[in-house]
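In what follows, a single structure is set out as structure tokens and then discussed.
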Amino acid sequence: MSTINNLVIYSLLLGLTLISACKSSADLTTLANEVAPNNCRINGTIISIEDINSQNLNLAKVRIDNVVQAGFSFNSPIIKGDTIKIKFEFTLSKTSNDVFPNLNNQLPGMLIGDKFTADIEKIDLIQLDKKVDNFQYRVFTYDKINIGK
């Protein structure tokens, strides 16, 4: 009987520990629990960064490593392995309260080769002159994935 009681106690403690660990890791995310209808949640890798001479780096080519979930009105066909250009609305540089005082969760910044999870939004643009792309993707916030660092 004592062994069964110990097993039950250890099981309860393990369960509580796992629940606590899940809650604390969820608190670290900057993303909403639900994907907005016009967004698509992806895992991606920064392939290249444009606007290198700009103070606020914000345009990058991203390889889609995984499409996690798409909102019901996100109608852009994105699949694993695609490379798309994404505008990071704030910056790819590390943010601070000095530069973005109203940003609730400061962003860690990203470099070429960094992996991340983000909700991307397709923005329809007005076609001017001979512009080839008639749409663009943008990201407001992201979670950097630290692999082996």
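The values are calculated or read from the model by the stated rules, or taken from the named source; none is laboratory data. Given the structure is predicted, the values throughout are model-derived calculations rather than measurements. Every residue, glycine as well, gets a Cβ built from its backbone with ideal geometry; the counts of neighbours run over all protein chains shown.
Listed values, structure above:
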item: Members of region 33-59 found to be within 12 Å of SER93 (Cα to Cα), in contact with an Asp or Glu (Cβ under 9 Å, 6 or more places away or on another chain) and at pLDDT 85 or above, listed by number; result: ASN58, LEU59
item: Single residue of region 79-95 satisfying the filter (free of Cβ contacts under 8 Å to residues at least 40 places away in the same chain and either surrounded by 12 or more Cβ atoms within 10 Å (Cβ to Cβ) or of a type in the set (Lys, Arg) (or both)) that is nearest to SER48 (Cα to Cα); result: THR83
